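A short worksheet on the structure shown next.
The values are calculated or read from the model by the stated rules, or taken from the named source; none is laboratory data. Note that the structure is predicted; figures quoted are calculated from it, not measured. With ideal geometry, Cβ positions are generated from the backbone for all residues, glycine too; neighbour counts draw on all protein chains shown.
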Amino acid sequence: MRRRLPLPFLVLAGIGAAFVVLPLVALVVRVPWGSAREALSGIGASTALRLSLEVSLAATAISVLIGVPLAWILARVAFPGRALLRALVVLPIVLPPVVGGIGLLQALGRRGIVGRWLYDAFGIQLTFTTAGAIIATTFVAMPLVILATEGGLRGLDDRYERAAAALGGSPWYVMRRVTLPMIGPQLAAGAVLTWARALGEFGATITFAGNLAGRTQTLPLAVYQARELDPGGAVLLSLVLVFLSLIVLIALRGRVTGAA
């Protein structure tokens, strides 16, 4: 039996939905469809799209590779300062991205505390490179997979792990065959949200890696540049970003939200 909701509640829900949907509809309405092909070719959209996919996928892979073990330690290992470490790890979520970019410059820039050593010893310069864009994007997006994985581990019934260990399973076997499959939905959700955040990253990337076409200019940066030179192209690129994110979220909606 469906319960009737109060009319004010429905009105507020409608306003909330309109608030989110209206800007997306406006993008579709304002796209210069007649000159879409020319606009895309004129603003280097294909190069920016390819670079965005490369950077966001690489950032997601790195985030999972180093973020999951970190989440594991935060969830399962008690040590002094764990609360402080957790706060620092998730700080990039609420930190203005440009501040993160400045921090990366001070740490990994050519004159940074680590970047200077990398350049003097190995000739490695991360700023204004694709690798720099990946690093900036990873810094901003990785907390999402950490939070999702840690939440899954904390909510896991450890009786299954203890049973597998009692039957002779090694810690690596228990992790690989019991724990990881059981937190798979949370891990997948964290990875998808990390990818979506990486795809839309702007502030840290432009601050640390710059806005160089073909090297560090991802789609959000291309939108920023096109807004000044070709407003119609900026709308079109924005719509490309919306569609990319929407397609992935719809395809994986069962894992991300639990919806059917």
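May I ask you to list the residues in the stretch 49-78 that are touching a helix residue (DSSP H, G or I) at 6+ places or on another chain (Cβ under 8 Å) and either assigned to a loop (DSSP other than H, G, I, E, B) or among the acidic types (D, E) (or both)?
The answer is E54, and nothing else.
Scan R162, R116 and give me the residue that is farther than 30 Å from T218 by Cα and either free of Cβ contacts under 8 Å to residues at least 12 places away in the same chain or not in a helix (DSSP H, G or I) (or both). If you could, list the steps in order and put the result at the bottom.
Values: R116 fails: farther than 30 Å from T218 by Cα.
Just one listed residue meets the conditions, R162.
Results for (1) of a type in the set (V, I, T); (2) without any contact (Cβ under 8 Å) to a residue 12 or more places away in the chain; (3) at positive phi; (4) not in a helix (DSSP H, G or I), shown as yes or no for each residue.
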{"position": "V89", "(1), (2), (3), (4)": "yes, no, no, no"}
{"position": "A121", "(1), (2), (3), (4)": "no, yes, no, no"}
{"position": "F128", "(1), (2), (3), (4)": "no, no, yes, yes"}
{"position": "T137", "(1), (2), (3), (4)": "yes, no, no, no"}
{"position": "L144", "(1), (2), (3), (4)": "no, no, no, no"}
{"position": "T149", "(1), (2), (3), (4)": "yes, no, no, no"}
{"position": "Y173", "(1), (2), (3), (4)": "no, yes, no, no"}
{"position": "A198", "(1), (2), (3), (4)": "no, no, no, no"}
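Are any residues in the stretch 73-95 buried (at least 18 other Cβ atoms within 10 Å of the Cβ) and not small (G, A, S), and if so, which ones?
L74, R86, V89, P92
State whether the residues of the stretch 32-48 include one that is free of Cβ contacts under 8 Å to residues at least 12 places away in the same chain, within 24 Å of the chain's Cα centre (by Cα), surrounded by 11 or more Cβ atoms within 10 Å (Cβ to Cβ) and in a helix (DSSP H, G or I).
The first filter runs over the stretch 32-48 and keeps only residues free of Cβ contacts under 8 Å to residues at least 12 places away in the same chain, leaving 33-34, 37-38, 41, 46.
Right, trim to within 24 Å of the chain's Cα centre (by Cα) and you get 46.
Pick out the ones that are also surrounded by 11 or more Cβ atoms within 10 Å (Cβ to Cβ) and you get none.
No, because not a single residue in the stretch 32-48 is free of Cβ contacts under 8 Å to residues at least 12 places away in the same chain, within 24 Å of the chain's Cα centre (by Cα), surrounded by 11 or more Cβ atoms within 10 Å (Cβ to Cβ) and in a helix (DSSP H, G or I).
Looking at (1) assigned to a loop (DSSP other than H, G, I, E, B); (2) modelled with pLDDT of 85 or more, can you tell me which one D157 breaks?
Looking at each condition in turn, D157 falls short on (2).
Only residues in the stretch 50-62 that are closer than 16 Å to F202 by Cβ count as the first member; pair them with residues that are not in a helix (DSSP H, G or I), Cβ under 7 angstrom, at least 6 apart or cross-chain, and list the lot.
Between residues of the stretch 50-62 that are closer than 16 Å to F202 by Cβ and residues that are not in a helix (DSSP H, G or I), the close pairs are L51/Q217; L51/T218; S52/T218; V55/T218.
Mind checking whether some residue in the stretch 228-247 is among the aromatic types (F, W, Y), more than 20 Å from P96 (Cα to Cα) and at pLDDT 75 or above?
Yes, the conditions are met somewhere in the stretch 228-247.
What number of residues within the stretch 38-76 are of a type in the set (D, E) and at pLDDT 90 or above? Show your work before the answer.
Quick first cut of the stretch 38-76, residues of a type in the set (D, E) only: 38, 54.
Subsequent filtering for residues that are at pLDDT 90 or above retains 54.
Here the count works out to 1.
Report the residue count in the stretch 208-219 for those that are buried (at least 20 other Cβ atoms within 10 Å of the Cβ) and either over 16 Å from the mean Cα position of the chain (by Cα) or not aliphatic (A, V, I, L, M) (or both). Spell out how you get there, then give the answer.
In the first step, residues of the stretch 208-219 are kept if they are buried (at least 20 other Cβ atoms within 10 Å of the Cβ); the result is 208-209, 216-219.
From the residues that got through so far, the ones that are either over 16 Å from the mean Cα position of the chain (by Cα) or not aliphatic (A, V, I, L, M) (or both) too are 208-209, 216-218.
Count: 5.
Among the residues in the stretch 140-154, are any buried (at least 24 other Cβ atoms within 10 Å of the Cβ), under 15 Å from A71 (Cβ atoms), modelled with pLDDT of 80 or more and among the hydroxyl-bearing types (S, T, Y)?
Yes, that holds for at least one residue.
Look at the stretch 96-127 and say how many of its residues are crowded, with 17+ Cβ neighbours inside 10 Å and over 19 Å from the mean Cα position of the chain (by Cα). Reasoning before the result, please.
Taking the stretch 96-127 first, the residues crowded, with 17+ Cβ neighbours inside 10 Å are 97, 100-101, 103-105, 108-109, 112, 115, 119, 126-127.
Next cut, over 19 Å from the mean Cα position of the chain (by Cα) only: 105, 108-109, 112, 115, 119, 126-127.
Counting residues in the stretch 96-127 that are crowded, with 17+ Cβ neighbours inside 10 Å and over 19 Å from the mean Cα position of the chain (by Cα) gives 8.
Out of G155, G190, G169, I need the residue that is under 30 Å from P92 (Cα atoms), small (G, A, S) and free of Cβ contacts under 8 Å to residues at least 40 places away in the same chain. Which one?
Working: G190 fails: free of Cβ contacts under 8 Å to residues at least 40 places away in the same chain; G169 fails: under 30 Å from P92 (Cα atoms).
The unique qualifying residue is G155.
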